[in-house]
1. Considering the stretch C:101-119 alone, what residues qualify as being open to solvent by 30 Å² or more (accessible area, probe 1.4 Å) and assigned to a helix (DSSP H, G or I)?
2. In the stretch B:26-77, how many are facing chain A (nearest Cβ under 9 Å), surrounded by fewer than 20 Cβ atoms within 10 Å (Cβ to Cβ) and touching a residue at least 60 places away in the same chain (Cβ under 8 Å)?
3. Give me the pairs: first residue in the stretch A:305-321 and more than 13 Å from A:Val151 (Cα to Cα), second residue open to solvent by less than 10 Å² (accessible area, probe 1.4 Å) and in a helix (DSSP H, G or I), beta-carbon distance under 6 Å, and six or more apart or on different chains, which are they?
4. What are the residues in the stretch A:125-167 that are surrounded by fewer than 24 Cβ atoms within 10 Å (Cβ to Cβ) and of a type in the set (Lys, Arg), if any?
5. So which residues in the stretch B:78-103 are surrounded by fewer than 24 Cβ atoms within 10 Å (Cβ to Cβ), within 13 Å of the chain's Cα centre (by Cα) and of a type outside the set (A, V, I, L, M), if there are any at all?
6. What's the total number of residues in the stretch C:148-199 that are assigned to a loop (DSSP other than H, G, I, E, B), at pLDDT 70 or above and at negative phi?
7. Output the residues belonging to the stretch B:109-138 that are in contact (Cβ under 8 Å) with a residue 24 or more places away in the chain, within 15 Å of A:Asp433 (Cα to Cα) and part of a helix (DSSP H, G or I).
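The values are calculated or read from the model by the stated rules, or taken from the named source; none is laboratory data. Please read these numbers as outputs of a predicted model, since none were measured by experiment. As a convention, Cβ positions derive from the backbone with ideal geometry for all residues, glycine included, and neighbour counts pool all protein chains shown. SASA here: full protein model, heavy atoms, side chains in, ligands and nucleic acids out. Shrake-Rupley method; radii C 1.70, N 1.55, O 1.52, S 1.80 Å.
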Amino acid sequence: MSTEAPEGTDTGLGSAERVHRRDGSAVLRVSEAGAFHLAGDPDNPDDDERMILNMGPSHPSTHGVLRLMLEMEGETVLRTKPVIGYLHTGMEKTGENLSYLQGPTNVTRMDYAAPLFSELAFSLATEKLLGIEVPPRATWIRMLMCELNRVASHLLFQATNGMDLGAVSMMIYGWREREEVLRFFEKVTGLRMNHNYIRPGGVAADLPDGWQDDVRRLLDLIPPRLDEYDTLLTGQPIFRERLQGVGVMTPAEALALSATGPILRSTGYAWDLRRDEPYLAYDQVDFDVLVGTYGDSFDRFAIRLNETRESLRIVEQILDQMPSGDYRTQDKKVTPPPRVRIDDSMEALIHHFKIFTEGFHVPEGEVYVAVESPRGELGCYLVSDGGPNPYRMHIRGPSFVNLQTLPHLMEGGLIADAVAVISSVDPIMGEVDR
Amino acid sequence: MTTIVPETSSFDQRVLHPLPDQLLATVGDLHDEGFLTAVDVTAVDYLTHPGRTDLPADVCPERFEVVVSLHAHQRHERVRLRVQVPADDPVVPSLFDLYPGTEAMEREVFDLFGISFDGHPDMTRILLPEEWEGHPLRKDVDTGRIPVQFREAPVQR
Amino acid sequence: MRRLPILGDVSRVADDGLEGLEHNFVTARIEDLVKWSRARSCWPATFGLACCAIEMMATGAAHYDLARYGMEVFRASPRQADLMIVAGRVSQKMAPILRQIYDQMMEPKWVISMGVCASSGGMFNNYAIVQGVDQVVPVDVYAPGCPPGPETLMHAILTLHENIRTGELTRRRIDNDGGAAIHVEAPPPEGTTEQPVQLGRR
């Protein structure tokens, strides 16, 4: 991907004065009471113009319930403190009380823009602990659904990013295309969001008849619309002006701050778990890992726009290569018997009842599995004590970690750019707070 | 590597078991080896599961365990460090100086488990309100189920 | 939905134009007109919390188009809003802020509890989530679902409109003394240490 930076844009790459940001001096570390004393004295005319500006948690541009405490001097942002936890749901505690089959129901509500990825990470971790193989068709169905989910998630980003920057019509367009993808999801999983579709052992149901036609329709429909966005946004001077050179980050900073996903790639560091640590069947499909050049908000926008195209390219290959066979493993330990057998066989009924009441026992051990979600590395750390519930279930949310880059991206920028930076980091608060 | 720590493997991933006072030296060595990113910092409370079998013989199991995942992108390698933390003195040295990205994760562990990190610049609660009491992910803290009451619900017979 | 009875026969207004001035006067009681206008200009506050917020935004977008009901003007400031759609799970940390935003809204104000998490805590029956937003603010309409689809939300909104128009909600509010028996502890007197907001009991 190539993007042009206007003359004189500080790319941040290799500039020595930016290295100091790694020590975290851009992070505001005060309590609310401390912030009161930090701000300048309003009665003293000689005092500087430093003040603390509070954004959120109910603010239209903070993507939900993110709250930022910004230390400002005039219109310049000095230090920032992201205050999170307004959506803390205790999912990791709840996950310890749910069986492995119920687990995806819980984790799917974390990243509600890309729910299937949380389910995938949880299911892969459970399968690793169980030591079971998933049939190829289940693997490819998972890939198909995840890539379409990535498309939906990036479209959501385009919509909200446009809205935050004042391109309100973009919001309507983004939702319009996302709605098309959701319609397919509803057909397959029964729900528009929070699907609980990918489960340990496979997927909940096979694809419906005629799914190829629906997917082909999406493949015909979305790429021309993406070209429209290109015309609408990418070449538009006002839009570029608001994003280029705003929120710049170097690869070294991104690695030190544990940033992943489009933020890391925008700095020019080609890292994608799908390519570099392949899971599912990503080693059998052909796609490009897109990187930026300058590590600014515009690169992050362009990466997401073009990743949508790459995802559709993967979907096209999945369409041709989808194998036939079972959609879930035939391991009797984790898979309930088919519905028809429950009517005939007492044992099947008991088996079904046992699986859905008690659950299955998972061998003792601990495992960490990571997948590439639209926001970065989504990891699941599972500890099993041999019982039917996870002993500890931890999700490494990419948004939670990526949020730490906010103070560094905003430092020295204007308050209006802060909105562009939040939007380009694309945090989903459900995943941040869990 | 200058520090010798017990090493095991879990599902093809390297797992190291340093003591809390070995942690900084071990992590420093790994950082020099190219593990430039701390992917994850979390903790586990083994209060109700004391007899775990996946620890090497010379590691004494304790109640808490801080789990740090490091990642060397260039080498395509991951390593996990499991640090045993005693319940009566839950303090671990902070990795913030080497990995600034662990700031929020260590705060999360402090918030939910009550394990504090020595040398962390801002050891405060992150997810729960500041005045919250207790650390909910500890095993001796209840999930906090509240029986949901419905108005005009039939009286129990 | 039923036709508005209060406006009398309005079917010929458009055809007649000025010529029909003699029989085109609208007569109604002032309360009915007030209720009618309240129901038809109900501006929601943006109060998206979790998954439901995404569905709420989808409802406002092109395909489902809340503008058909005069509802597309999501106000960022609670001062300009009449309706709070609590979209998503309310955590213990968010509850005081939710109450503050509700208090900032002008009367008359309405609340829709969108989704099971807001209505009853849903599947998250744990330490972090308020088990039903009606412990914090009085709720007028509950929308079921996890998350409720746009159709469900629209049905909830239309139910609210109808109840505002018939005066049912105002009547109910007078009956139960201005709210769903909400009880909020008074803040501590000056000089004492700050206490967390005590949430109400039923």
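1. Scanning the stretch C:101-119 gives C:Asp103, C:Gln104, C:Val116.
2. Residues that pass the stated criteria total 1.
3. A:Ile318/A:Met143; A:Ile318/A:Leu144; A:Leu319/A:Val215
4. Those that are surrounded by fewer than 24 Cβ atoms within 10 Å (Cβ to Cβ) and of a type in the set (Lys, Arg): A:Lys128, A:Arg137.
5. Listed by number, the residues that qualify are B:Arg80, B:Arg82, B:Gln84, B:Pro86, B:Pro90, B:Pro93, B:Ser94.
6. Here the count works out to 3.
7. B:Val109, B:Asp111, B:Leu112
Let's see how each residue does on (1) over 29 Å from A:Asn106 (Cα atoms); (2) open to solvent by 60 Å² or more (accessible area, probe 1.4 Å):
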position	(1), (2)
A:Asp296	yes, no
A:Glu307	no, no
A:Phe356	no, yes
A:Ala370	no, no
A:Gly387	no, no
A:His394	no, no
